[in-house]
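Worksheet for the structure shown next.
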Amino acid sequence: MADQDSGPILKLSGVSKQFGAVTALDNIDMEVRKGEVVALVGDNGAGKSTLVKILAGVHAKTSGTIHFQDREVEIGTPGRALELGIATVFQDLALCENLDVVANLFLGQELGPWRLNEVEMEVRAWTLLEELAARIPSVREPIASLSGGQRQTVAIARSLLLDPQIIMLDEPTAALGVAQTAEVLNLIERVRDRGHGVILISHNMEDVRAVADRIVVLRLGQNNGVFGPDATQEELVSAITGASDNSVSRRAKARSAAAEPKEGVAT
Amino acid sequence: MSDTRKIDRADSRVREDTGLAGAARGFLDQVKSGDLGILPVILGLVVIAVVFTWLNPIFMRPQNLTNLLFDAAAVGLISLGVVFTLMLGEIDLSIGSMSGVASAILGVLWVNAGVPWPLAILAAMLAGAVTGFVYASLLNKFGMPSFVSTLSGLLALLGLQLYLLGNSGSINLPYQSFLIRFGQTMVMPGWLSYLVALLPGIVIFALGLQTRQRRADANLSVPAWSVLIVKAAGLTAILLIAVWYLNLGRGVPWMFLFFAVLVAGMEYVLTRTKFGRSIFAVGGNREAARRAGIKVERIRIYCFMICSTLAAMGGVLAASRLASASRQAGTGDVNLNAIAAAVIGGTSLFGGRGSAWSALLGVIVIQAISNGLTLLNLSSSLRYMILGAVLALAVIVDSLARQSRASNGRA
């Protein structure tokens with residue numbers, strides 16, 4: 001569980017991002033502690049992915065400060081983020097289809113820069129994939145031949161390779177089957193128990209409440225509340241949509257009026 | 001196979017391709033899914049050999065083949081360089097002009113200014129490196145597509161070549177010098193060429209042995225003995241026959257060995273180093289490479305510099321082959337021959353796929369066609385048209401193979 005005594009590993013204060021005239025993020029504050037899963041939720045366009053990309057060094061922030069382990073840092077490049085210990089699993093996975101699984105796992109971190117140690121890399125790839133209970137038949141096939149779920153597993157395995165302080169997962173379960181989703185959630189808990197911080201982005205409230213220690217809601221690029229894992233569906237939905245009377249609650253009401261009361265709302 | 005499952009064969013969905021039959025089946029699967037490998041080259045060479053020998057028996061004579069190898073080395077080096085830009089999904093259209101400028105620099109510095117030839121060659125290579133750096137920087141800083149920057153470079157370099165050569169238009173290089181003998185007459189002693197022909201097979205066998213041992217130690221599946229032995233023995237047999245046949249005539253040119261050694265070195269760089277892996281990654285998915293922490297801009301700079309520098313070296317070899325630096329050097333079909341050679345050999349124009357061997361195999365095909373057409377006394381007008389068609393054909397094959405790979409999930 002979250003370690004409340006030590007300070008946060010990652011602390012964002014007043015982070016903003018402008019895309020031209022559009023304000024994608026406005027004055028965002030957020031903290032991630034050791035051994036804590038922070039879920040980042042919000043509707044499409046709320047700025048979740050933008051925030052992840054800033055922390056991953058893909059986009060530059062417009063203003064605000066980022067503290068990593070009590071030091072103010074600039075994350076100018078993806079390489080810098082990895083150096084600090086911030087690993088990211090992007091929504092679009094960012095794998096090289098022409099390379100095999102081993103090459104993708106170790107991309108940029110190859111063992112033996114002047115004489116690639118393929119055997120060692122292959123063994124470590126199998127170990128890593130086994131830890132994740134991954135169903136990948138062969139690590140010597142190009143990524144192009146893998147299914148969406150298998151690619152997701154490869155991407156997650158890759159982020160763990162460097163033993164990062166913080167791992168960010170952008171919609172990690174969106175493309176996964178039932179068993180793999182459970183595996184990924186287990187994995188998130190395992191990563192947390194090892195003392196890493198996890199930032200999880202998901203549209204699936206069930207997943208979020210299952211693993212998150214705190215739920216940070218973004219709405220239209222702004223902070224819109226922080227909840228515990230015991231927050232109700234209604235509370236989260238109203239924070240996400242910005243109104244207690246919203247299309248989701250109206251739909252739920254209409255359905256419960258029409259039939260016997262039902263819990264949970266289809267996404 | 002031991003009774004315990006190997007780590008990488010634990011999944012029941014993986015077919016166990018063991019032994020020669022397995023290797024053959026794997027190869028067939030690859031070809032069917034659009035991973036053609038060296039198949040087009042072999043088919044091409046057989047067709048070329050049959051057709052040209054039928055039209056003019058001189059084509060297959062050992063003397064002519066030695067000539068062919070002399071000619072192949074210069075274009076081959078240029079082609080080897082362009083592999084590095086093609087791998088990134090970029091192109092360098094100015095390699096011909098670059099080689100022309102390099103030969104002009106060699107002529108002016110060595111003959112006109114009296115600089116020792118090794119220094120003159122170094123200067124030419126330096127010019128190549130700078131040119132490559134400029135192209136990469138234009139791409140990095142201004143997002144100028146390499147297609148455009150190198151096309152304008154083609155013209156600019158051609159201008160520089162004409163400027164350097166001045167009014168005379170051509171500079172004759174001293175016949176008695178080492179460089180010219182290297183480019184025109186020097187062949188390996190017979191015994192040495194046989195020894196060298198044994199080398200690749202031995203290296204393949206030794207490395208295979210080592211890999212087997214290390215994989216076995218790590219409890220990974222090991223490739224079958226039979227495949228390794230057939231590979232090594234087959235290659236050795238082919239090389240020995242080729243060397244024997246060439247030694248019936250003049251022998252194996254040193255210049256070709258020089259080229260082959262460079263190809264082997266570059267193949268090592270591409271497949272066995274982190275740098276090479278980064279090149280594949282940038283060519284396959286630039287954004288993914290960037291997010292993995294690869295410095296894409298730096299990779300581009302290195303690749304373009306390697307390309308132009310090798311083009312400059314190719315120009316030097318071409319000059320030594322002709323014993324002159326002239327206005328015609330590097331013009332005409334040199335550009336497209338070098339690019340076509342890489343594509344015929346299996347390097348994709350779309351980036352992310354290729355090998356250094358493709359330059360060697362492809363240039364032999366291209367040079368064989370060119371040589372055969374010359375033996376038939378065809379005018380250059382016809383030669384250009386035929387070579388143009390061959391290039392178009394190579395690109396069509398590349399494109400179709402790529403579509404097939406995409407639909408078969410092999411990228």
Legend entry - Directionally averaged shadow of region A:10-231, computed from the convex hull of its alpha-carbon atoms, nm²: 12.3 nm²
Inset, instruction - Compute the long axis of helix A:178-193 from its Cα atoms, compare it with the longest principal axis of the Cα atoms of chain A, and write down the angle in degrees, 0 to 90, nearest 10. - result: 80 degrees
Inset, instruction - Calculate how many DSSP beta bridges within the protein assembly as shown are antiparallel, expressed in % of all such bridges and rounded to the nearest 5. - result: 60 percent
Legend entry - Degrees between helix A:247-258 axis and first principal axis of chain A (Cα, 0 to 90, nearest 10): 60 degrees
Legend entry - Rg in Å to one decimal, and Dmax rounded to a whole Å, for region B:271-411 via C-alpha atoms: 17.5, 55
Inset, instruction - Would you mind giving the mean number of other chain beta-carbons within 10 Å of the Cβ of each residue in A:110-119, as a whole number? - result: 5
Legend entry - Principal semi-axes in Å for region B:1-119 [√(5λ), Cα gyration tensor, largest first]: 44, 25, 15
Inset, instruction - Provide the per-residue ³J(HN,Hα) series for region A:136-141, in order, calculated from phi with Karplus coefficients 6.51, -1.76, 1.60 and θ = phi - 60°, each as a whole number of Hz, with x at glycine and proline positions. - result: 10, x, 9, 8, 9, 9
Legend entry - Estimated FRET transfer efficiency (A:R190, B:Q403; beta-carbon r; R0 30 Å; 0.05): 0.10
Inset, instruction - Taking the convex hull of the Cα atoms, report for region B:21-88 its projected area averaged over all directions, in nm². - result: 7.0 nm²
Inset, instruction - Rounding to the nearest 20 debye, state how big the charge dipole of chain A is about its Cα centre with +1 on each Lys and Arg Cβ and -1 on each Asp and Glu Cβ. - result: 540 debye
Inset, instruction - Return the inverse of the average 1/r over all pairs of distinct C-alpha atoms in region B:76-133, which is the Kirkwood hydrodynamic radius, in Å to one decimal. - result: 12.1 Å
Inset, instruction - Compute the distribution of all C-alpha to C-alpha distances in chain B, in bins of 10 Å from 0, and list the percent of pairs in each, rounded to whole numbers. - result: 5, 20, 30, 27, 13, 4, 1, 0
Legend entry - Sequence of B:S94, A:S16 once ranked by neighbouring C-beta atoms within 10 Å, starting from the fewest: A:S16, B:S94
Inset, instruction - Could you tell me the convex hull volume per residue, in Å³, taken over the Cα atoms of region B:123-254? - result: 223 Å³
Legend entry - Counting all C-alpha pairs of region B:187-252, share separated by more than 13 Å (%): 65 percent
Legend entry - Per-residue ³J(HN,Hα) for region B:141-152, Karplus 6.51 cos²θ - 1.76 cosθ + 1.60, θ = phi - 60°, Hz, x for Gly and Pro: 7, 10, x, 6, x, 4, 4, 7, 5, 6, 5, 6
Legend entry - Per-selection Kirkwood Rh - region A:128-267 (Cα, Å, 1 d.p.): 17.1 Å
Inset, instruction - Could you tell me which of B:F142, B:A123, B:G314 has its Cα farthest along the dipole of chain B towards the positive end, charges placed at Cβ (Lys, Arg +1; Asp, Glu -1), taken about the Cα centre? - result: B:F142
Inset, instruction - Among A:H203, A:G108, A:V41, pick out the residue whose Cα is farthest towards the positive end of the charge dipole of region A:10-231, where Lys and Arg carry +1 and Asp and Glu carry -1 on C-beta, about the Cα centre. - result: A:V41
Legend entry - Rel. contact order, % - alpha carbon contacts under 8 angstrom, at least six apart, chain A: 24 percent
Inset, instruction - Mind jotting down the distance between the C-alpha centroids of region B:312-375 and region A:9-86, whole Å? - result: 50 Å
Legend entry - Charged-residue dipole, Cβ positions (Lys, Arg, Asp, Glu), chain B about Cα centre, Debye nearest 20: 720 debye
Inset, instruction - Calculate, in nm to one decimal, what B:A24 and B:M385 gain on full extension: separation in residues at 0.36 nm each, minus their alpha carbon distance. - result: 126.2 nm
Legend entry - With Cα atoms, 0 to 90° folded angle of helix B:95-107 axis to chain B main axis: 50 degrees
Legend entry - B:Q210 paired with B:A242, simple spin-label distance in nm, labels 7 Å along Cα-to-beta-carbon: 2.3 nm
Legend entry - Within the protein assembly as shown: Cβ-based charge dipole about Cα centre, in debye rounded to nearest 20 (Lys, Arg +1; Asp, Glu -1): 1840 debye
Inset, instruction - Can you figure out the FRET efficiency of B:N377 with B:S226, using R₀ = 56 Å and their beta-carbon distance, to the nearest 0.05? - result: 0.70
Legend entry - Under the Debye formula (equal points on every Cα, no solvent term), log10 I(q)/I(0) of region B:214-347 at q = 0.13 Å⁻¹: -0.90
Inset, instruction - For the protein assembly as shown, would you read off the P(r) tail past 45 Å as a percentage of all alpha carbon pairs? - result: 34 percent
Inset, instruction - Specify, per residue and in Å³, the volume enclosed by the convex hull of the alpha carbon atoms belonging to region A:51-108. - result: 88 Å³
Legend entry - Positive-end residue of A:G149, A:I240, A:G228, charge dipole of region A:117-267 with Cβ unit charges: A:I240
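Quick note: the coordinates plus some simple rules give every number you see, no bench work behind them. What you see is a predicted model, and the numbers here were worked out from it, not measured in a lab. When we count neighbours, we look across all protein chains shown, and the Cβ atoms used for this are built from the backbone with ideal geometry, even at glycine.
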